Amino acid sequence: MPTNPTLHIRALTPSDAAEYRALMLEGYELATDAFTSTPAERSAEPLAWWQHRIHDPNNLGQAFGAFHGGALVGTVAIEYSAKPKTRHKALVIGMYVSAAQRGLGAGRALLQEAIDHASARAEVKVITLTVTHGNAAATRLYESAGFTTFGLEPMAIFTGAEFKAKLHMQLMLAPDSVPAT
């Protein structure tokens, strides 16, 4: 639950698709290093694609929004695997908070909402995510929520000018119930 009373966090619904699309396109444009997709790629997607991204009809994904003053100012999504061998994992994607709205606690509240959603699924034992190497603010946020780095992928994305690495991070939801490897 957010500590900022002017901030409201909730699961997005397909009716939020236009506002979600606009916010994410802003993110793809202004935080290009944070995402593996380009603004051109995502702007070409039909509204139905965004509706599916908000809530997968097979219950394999859910996006959440942070609202401030009635406007969507931040978002994150969590995806689940349908494959039997990987159902124990969830993946955090699409974390973005509008630059003008940072400092309200939206990122932390959104991340916690995604963690809570994954934790409610008994089969999910670990949540993973990637963050662009060098994005100290995002890395600190994830670490403060208990995520730890388990790898670095060099040349994970090409920005058009240079290659950037991605940190792979994980949060063990029930570390005592996971067998040692």
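Points to keep in mind about this one:
- With 0.36 nm allotted per residue and the present C-alpha distance subtracted, the Ala161-Ala120 stretch has 10.6 nm of extension available.
- Residue exposure sequence - Ile127, Ile93 - by fewest surrounding Cβ within 10 Å: Ile93, Ile127
- Computed helical MRE - 222 nm, the chain, DSSP H runs ≥ 4 contributing -39500 (n - 2.57), nearest 500: -8000 deg cm²/dmol
- Since only Ala136, Tyr80, Ser98 are under comparison, the one whose Cα sits farthest along the positive direction of the charge dipole of segment 7-177, derived from C-beta charges on Lys, Arg, Asp and Glu, is Tyr80.
- Remark: the chain carries a charge dipole of roughly 340 debye about the Cα centre, counting +1 on each Lys and Arg Cβ and -1 on each Asp and Glu Cβ.
- Cα-based reach from Lys83 at 18 Å (exclusive), listing lysines while leaving out same-chain residues under 8 positions away: Lys125
Bear in mind that the values in this text are calculations on the coordinates, not laboratory data. All figures in this text were calculated on a predicted structure; none of them were measured in a lab. Neighbour counts run over all protein chains shown; Cβ positions are idealised from the backbone, glycine included.
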